[in-house]
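The values are calculated or read from the model by the stated rules, or taken from the named source; none is laboratory data. Predicted model, so just to flag it, every value in this text is computed and none were measured. Positions of Cβ are generated from backbone atoms using ideal geometry, with glycine treated the same way; all protein chains shown enter the neighbour counts. Just so you know, the surface numbers come from the protein's heavy atoms only, side chains and all, with ligands and any DNA or RNA stripped out. Shrake-Rupley method; radii C 1.70, N 1.55, O 1.52, S 1.80 Å.
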Amino acid sequence: MAENIKRKKRISSDQWVALAFLAPSILLIAVFVYGFIGWTGYVSFSNWNTLTPDFSFAGLSNYLYLFSDFRFQADLRNTLFFTLFFIGAVIILGLGIAILIEKNLKGESLFRNIFLFPMALSFVVTGVVWQWLLNPSTGFNHFLKWFGIQPLWYTDTNILAGFQWGAIEFGVPVAIIAVVIAAVWQMTGFSLAMYLAGLRGIPDELREAARVDGASERQVYRKVVIPMMMPITVSVVIIMAHISLKIFDLVYAMTGSGANFVTDVPGVYMFETTFRGNYYAQGAAIAIIMLLLVAIFIVPYLWYNRKGDN
Amino acid sequence: MAANKISTFLKYILLITLAIIFLSPVYVIFVTSLKPLDEVSLSTMWALPTSIDFSSYSQAFEELGPNVMNSFYLVIPATFLSALLGAMNGYVLSKWKFRGSEILFTVMLFGMFIPYQSILIPLIQFLRSIDLYNSIAGLILTHVVYGLPITTLMFRNFYANIPDTMIEAAKIDGASFLGIFRRIMIPLSITGFVVVAIWQFTNIWNEFLFAVTITNSDSQPVMVALQNLSGSQIVQWNVQMAGALLAALPTLLVYIILGKYFVRGLLAGSVKG
């Protein structure tokens, strides 16, 4: 209360300058983020599926088309499994490696750097290289033949446990696993860094106390350490989910859509239909669906974090 | 104790195996890029070159050189501008909070997570209308704007650690808003600038979606040109691998030299910081 009165008393020149500092950025975000999203939404309800703009109202037709479209249904299926495998693997590997190297292991910084450096690379470079490494005729298959297995990687058109659903066969597209491997190679460093920072934040006394209470080393991890990593896991899941839902460059550089669209994702479909096919309204509809999918994860996360600040 | 030794041994076996898998792409890039074209084939991709040949590098440099320069022309001003704006926003949002500033900050942050596909069509229309489509300046503008949420977040978290009492003391001494920013905040946030600059440099250098949709031909950054190498009729794998290495080199060097700061940026990007 007292603070309020004080604030009202003098809107000092400093406060005006503070607002002026912030104003350009607010304006830019308002126009380029929110204004443009609104405009994309508007385009998605239009008939602009030609080179020249046509903003006549098309109702939901672009969305209805997409949900009955073989390619888009395949995209949603692929994105679902890509996201699940990608997040699962990044968390297990990141936490696993973090636990292995956290305790002053000799060569800790070398290992950390080996697992982290792919984070500094572009998804395009990753895609170009992994396209080779997972080439079914050579690549890793060169070594896997010792074990008598020769996966087809991203050229595999099989859908595991598939059943007819809508226009597509719903199930796990085997080819997407190859893309998951490349993405995991690149992003494991992120969860590793997060978990390492988290593990280092646990006071030694806490583990010591658990040990004094008779907990084995394994129990210390299971009952004390890993539960304390929960907030970090939430952050990793959210960040990885939003990367996975909007992924474009890795798939575009590594495999493209694949036969029967087994490695296609909404990001690639949006790009091709909009900028190669001039179906702007359809591309806008895909983009809005992508945005809504990301928002499901991000909006609660941001809301929760904001409350946590107060 | 013996069990302890065995578990340490197993730990190392596991880590070394993982490390080898993680490094195998690097090995393939290196050996392939050092082979002459007639020695490059998928069947011998794991074999060492019989003689070391740098011609693929000179060819990659010839093809990608102009695009590497484009990337530098893009990344340097974009990084500088977005760091500066981020510092200004972070200063206000941490030390000059006002009613609604927290909500405003959250509303800004959302912009960091959106799939850029959802703003791409209007963005291109807009850039066309102001004559910045297919130009590096257009890409700079784009990266500065969409970099605002992350740079603001990073500086806000950084400035939150500077004690408020310091600001109050300066105010009592008669320092103004700008004076505090110039003489206290900026000098105290050199590390912050390094972290933000490295983060933006890496991200903008590696970015592909904006680059491929906003520019064509002459003004394309290196990642688009690299992707185009594999799209050409005959793929010269040795040149492509040399190109991949060339394109990755600047960010890789930054990581090797300033890795500590890169990781700080990585962690700061997870909102809480």
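Points to keep in mind about this one:
- So B:SER7, is it closer than 29 Å to A:GLY94 by Cβ and more than 30 Å from the chain's Cα centre (by Cα): yes
- Selection status of B:PHE61, more than 8 Å from chain A (Cβ to nearest Cβ), in contact (Cβ under 8 Å) with a residue 60 or more places away in the chain, open to solvent by 60 Å² or more (accessible area, probe 1.4 Å) and of a type outside the set (D, E, K, R): yes
- Filter result for B:PRO25 (farther than 28 Å from B:VAL194 by Cβ and more than 12 Å from chain A (Cβ to nearest Cβ)): no
- Any hit, the stretch B:67-82, residues being within 12 Å of another protein chain (Cβ to nearest Cβ), open to solvent by 70 Å² or more (accessible area, probe 1.4 Å) and either in a loop (DSSP other than H, G, I, E, B) or not polar (S, T, N, Q) (or both): yes
- Filter result for B:TYR12 (modelled with pLDDT under 95, more than 7 Å from every other protein chain (Cβ to nearest Cβ) and under 28 Å from A:ASP249 (Cα atoms)): no
- Selection of the stretch B:105-132 for residues being open to solvent by less than 30 Å² (accessible area, probe 1.4 Å) and either out of contact with any helix residue (DSSP H, G or I) (no Cβ under 7 Å at 6 or more places or on another chain) or not in a helix (DSSP H, G or I) (or both) yields B:PHE113, B:ILE114, B:PRO115.
- Residue pairs meeting the criteria (Cβ under 7 Å; at least 6 apart or on separate chains; first more than 14 Å from chain B (Cβ to nearest Cβ) and within 23 Å of A:ILE177 (Cβ to Cβ), in the stretch A:258-276; second aromatic (Phe, Trp, Tyr) and crowded, with 24+ Cβ neighbours inside 10 Å): A:GLY258/A:TYR154; A:THR263/A:TYR154
- Among the candidates A:ARG200, A:ARG222, residue that is over 15 Å from A:ALA74 (Cα atoms), away from every other protein chain (no Cβ under 13 Å) and out of contact with any Lys or Arg (no Cβ under 8 Å at 6 or more places or on another chain): A:ARG222
- Residue check: A:PRO300 meets all listed conditions (1) outside any helix (DSSP H, G or I); (2) within 19 Å of the chain's Cα centre (by Cα) but one, namely (1).
- Out of A:VAL251, A:VAL294, sole residue that is crowded, with 24+ Cβ neighbours inside 10 Å, assigned to a helix (DSSP H, G or I) and either at the interface with chain B (Cβ under 7 Å from one of its Cβ atoms) or of a type in the set (Val, Ile, Thr) (or both): A:VAL251
- Restricting the stretch B:83-104 to residues that are more than 8 Å from chain A (Cβ to nearest Cβ), in contact (Cβ under 8 Å) with a residue 24 or more places away in the chain and open to solvent by 10 Å² or more (accessible area, probe 1.4 Å) leaves a set whose member that is farthest from the chain's Cα centre (by Cα) is B:LYS95.
- Looking across B:SER135, B:SER51, one residue alone is more than 12 Å from chain A (Cβ to nearest Cβ), at pLDDT below 90 and surrounded by fewer than 19 Cβ atoms within 10 Å (Cβ to Cβ). It is B:SER51.
- Tally of residues being aliphatic (A, V, I, L, M) and in contact (Cβ under 8 Å) with a residue 24 or more places away in the chain across the stretch A:198-233: 7
- Restricted to the stretch A:139-220, the set of helices (runs of 4 or more DSSP H) holding at least 1 residues that are in contact with a Ser or Thr (Cβ under 9 Å, 6 or more places away or on another chain) and open to solvent by 60 Å² or more (accessible area, probe 1.4 Å) comprises A:141-144.
- Restricting attention to the stretch B:150-176, the residues being assigned to a loop (DSSP other than H, G, I, E, B) and open to solvent by less than 70 Å² (accessible area, probe 1.4 Å) number 5.
- Of all the residues in the stretch A:92-125, those that are closer than 30 Å to A:ASN260 by Cα and open to solvent by 30 Å² or more (accessible area, probe 1.4 Å) number 1.
- Comparison of A:PHE72, A:PHE82, A:PHE57 shows that the only residue that is over 22 Å from B:ALA19 (Cβ atoms), open to solvent by 30 Å² or more (accessible area, probe 1.4 Å) and at pLDDT 90 or above is A:PHE57.
- Subset of the stretch A:85-118 (residues that are farther than 29 Å from B:ALA244 by Cβ and among the hydrophobic types (A, V, I, L, M, F, W, C)): A:LEU95, A:ILE99, A:LEU100, A:LEU105
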